[in-house]
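Working notes, structure below.
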Amino acid sequence: MSMTTDASTNSAAEAGKPGSGPPGSPGRRRSGSAAGTARLASALVSPTLLVLAVVVMYPILAALYQSLFVSGQRLDAQGFVVEGREFVGLGTYADILFGPAAERFWNAFWNTTFFTVVTVTLEAVLGMAMALVMHQAFRGRGLVRASVLVPWAIPTAVSALLWRWIFAPDGVANAVLGHQVLWSSQALASKIAVITAEVWKTAPFVGLLVLAGLQVISREVHEAATVDGAGAWRRFWHITLPLVKPALVVAVLFRMLDALRMFDLPFILIGQQKDSVETLSMLAFSEATNVHYGPAAAYATLLFAYVALIAFVFVKLLGADVIGEVRSQVPRRGGIRSRRGKGSAR
Amino acid sequence: MTTATETARRTTRRRFDARKWLPVLGVAGIVLYCLAPFYWMVVTAFRRPADQYDLSPLPRTWSVENFRAVFEPGTGFGRALLNSLIVASTTTVLTLVIGTSTAYALARLAFRGKNLVLSLIIATSMFPGISLIVPLLRLFTDIGWINTYQAMILPSLSFALPLAVWNLTMFFRQMPQELEQAAMVDGCTPGQAFRKIIVPLAAPGMFTTAILTFILAWNEFIIALSMVNEREMQTVTVAISKFTGATQYDQPFGTQMAAGVIVTIPLVIGVLIFQRRIIAGLTSGGLK
């Protein structure tokens, strides 16, 4: 990702600059204690890297390895998994992409993609609108700030239950619409239900991130444009939008990566093994709980590859600068906005 | 002439009013959007089970029957709350212990490959949970860790640790460099400067990070669902998802909503108390 591309040049450049170095007067200390600093740094950084190697790198590689085998497809009389596995190479992938499992895989793939595109688009638009409103608001700021955090703080599992209740056959959604919709069984309706619940939970959060981007735009830019006769709409398109774009792009990237792994919401709101809402995460989970570890690992690996591809495209083509804030010398305002997007909606 | 000016003045006044009221309407819209579903959960929870399908904006008769039902002996809900508390607190403490020193190094020390390390840490948090869970499920099955706390805590570090490192790195960056410089002029090594000067002063940032980590760990679902199949060890998000009635059309929605309120209210209260701190953490002081 972007972060890695210029990592070497950057750290080299940084090392030469005053202020980025270790505390203490940089020039003098460097020669004496550069080795000491490096030792200290590696001592401080290695625990985190070690943990992440165990809980992230190992599983990613193990999934890739396990997806080359088929095992655990048979149970013995006691219901235990029969030991031993069979090497099938890329056979599982062939089954998934073109063979007997293809239909279910592509269905889950398109569901995942559809949910991601629709929810992230809606979240970006709604979040932008909310940010503009919050930016203008002088009254009720405390209230709006508090309420925006509520959907974010509610566990996804609880919000899924809550929306299942709202979308129940006798629920309030049907009462408000005055129309009997079977949200949990009709294909399109259940997709809409999932999208509604997801957007409700995360759009306010995108709003917060965009707001942080809005607040660094100086007022003079807008005033100058107004003096030059630009209307509100033109000011939005030609000033506000380009200037919040970096914040928005990073927020959208993290939202997309989060939407691609969507699991809790459709799982609880609609249910397992429903074609209309089954995502790739749900498909892999369903195979894993049936101890079909080979296919499960293959689905997990494919999802991982998909996520990595999207992240790569975003960082390369749209220039999403994910660690920009930390890389930069002077801490800027709004720096954490990029982090937030990711942390949110697990 | 006079009428013309008058009309003009009136128009400006009306436009002025619209300008004044539009943001207020917008704010009301956002508040309604964010709170209406939550409000519906609370209201449903306080209805009598018999009134479950009422659509009145307030319960006709207030009742805590649903809350009592949540804690009935058969549900195991109290135990699930305890499990969630154990998993989320342990994850938070471990994350802070491991992440603080790393964040300090990333924020304050110059070393080769710093941006690479930071990129790796951030990148790991983007990986889909299921990609980690499938192999870990198998590993934990082999070593007998299914239905244990560590089987939930260890994978939770995969998302908690990057978040904490990022958050704390930002925080350390904002502390004045002079702090360590002064300490080292007085003869401290960089390590001592970190332990004796920085860590105590970083308490607010660590506190914010702790809140965020705790909320994320508390809300975690898929790891807890995969790693545990005994009711005794379920966390509360899993327990709540399994609160179902006999048939699809006979669901104890009232009880579910009461359980949801119990799980959510501590978070909401915490968020309201610490909202400035949390938003400052989220947006680096952007919202004044």
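The values are calculated or read from the model by the stated rules, or taken from the named source; none is laboratory data. No experiment lies behind these values; they were computed from the predicted model shown. Note that each Cβ is placed from the backbone with ideal geometry, even for glycine, and that neighbours are counted across all protein chains shown. With ligands, DNA and RNA removed, areas are computed over all heavy atoms of the protein, side chains included. Shrake-Rupley method; radii C 1.70, N 1.55, O 1.52, S 1.80 Å.
Of note:
- Screening B:L161 on (1) closer than 25 Å to B:V236 by Cα; (2) more than 7 Å from chain A (Cβ to nearest Cβ); (3) of a type outside the set (S, T, Y) shows it passes everything except condition (2).
- Residue within the stretch B:47-62 that is among the polar types (S, T, N, Q), farther than 30 Å from B:V165 by Cβ and crowded, with 22+ Cβ neighbours inside 10 Å present: no
- Being modelled with pLDDT of 80 or more, closer than 17 Å to B:I240 by Cα and assigned by TED's automatic domain parsing to the domain that holds B:T148 is not true of B:S89.
- Tally of residues being closer than 16 Å to B:G260 by Cβ and part of a loop (DSSP other than H, G, I, E, B) across the stretch B:60-70: 1
- Candidates are the residues of the stretch A:162-201 that are closer than 20 Å to B:Q52 by Cβ and among the aromatic types (F, W, Y); the one that is nearest to the other protein chains (Cβ to nearest Cβ) is A:W165.
- Residues that are within 30 Å of B:T61 (Cβ to Cβ) number at least 2 in the following helices (runs of 4 or more DSSP H) confined to the stretch B:155-270: B:236-241.
- Helices (runs of 4 or more DSSP H) lying entirely in the stretch A:152-263 (those with 3 or more residues that are touching a residue at least 24 places away in the same chain (Cβ under 8 Å)): A:156-166, A:187-214, A:241-260
- Search result, residues across the stretch B:94-109 that are open to solvent by 30 Å² or more (accessible area, probe 1.4 Å) and without any contact (Cβ under 8 Å) to a residue 12 or more places away in the chain: B:V97
- In the stretch B:145-158, the residues that are at the interface with chain A (Cβ under 7 Å from one of its Cβ atoms) and either among the polar types (S, T, N, Q) or open to solvent by less than 30 Å² (accessible area, probe 1.4 Å) (or both): B:P155, B:L157, B:S158
- Test set (1) open to solvent by less than 30 Å² (accessible area, probe 1.4 Å); (2) at pLDDT below 85 - A:D76 fails condition number: (1)
- Among the residues making up the stretch A:300-317, those that are facing another protein chain (nearest Cβ under 8 Å) and either open to solvent by less than 10 Å² (accessible area, probe 1.4 Å) or more than 14 Å from the chain's Cα centre (by Cα) (or both) are A:A300, A:T301, A:L303, A:V307, A:A311.
- Sole exception among (1) hydroxyl-bearing (S, T, Y); (2) at pLDDT below 90; (3) open to solvent by 30 Å² or more (accessible area, probe 1.4 Å) for A:S338, by number: (3)
- When we screen B:V87, B:V27 for residues that are open to solvent by less than 40 Å² (accessible area, probe 1.4 Å) and touching an Asp or Glu at 6+ places or on another chain (Cβ under 9 Å), the only hit is B:V87.
- Filtered residues of the stretch A:119-133 (kept if over 22 Å from the mean Cα position of the chain (by Cα) and at the interface with chain B (Cβ under 7 Å from one of its Cβ atoms)): A:V133
- Residues that are at the interface with another protein chain (Cβ under 7 Å from one of its Cβ atoms) and either of a type in the set (V, I, T) or in contact with a Phe, Trp or Tyr (Cβ under 8 Å, 6 or more places away or on another chain) (or both) within the stretch B:165-184 comprise B:V165, B:T169, B:E180, listed in sequence order.
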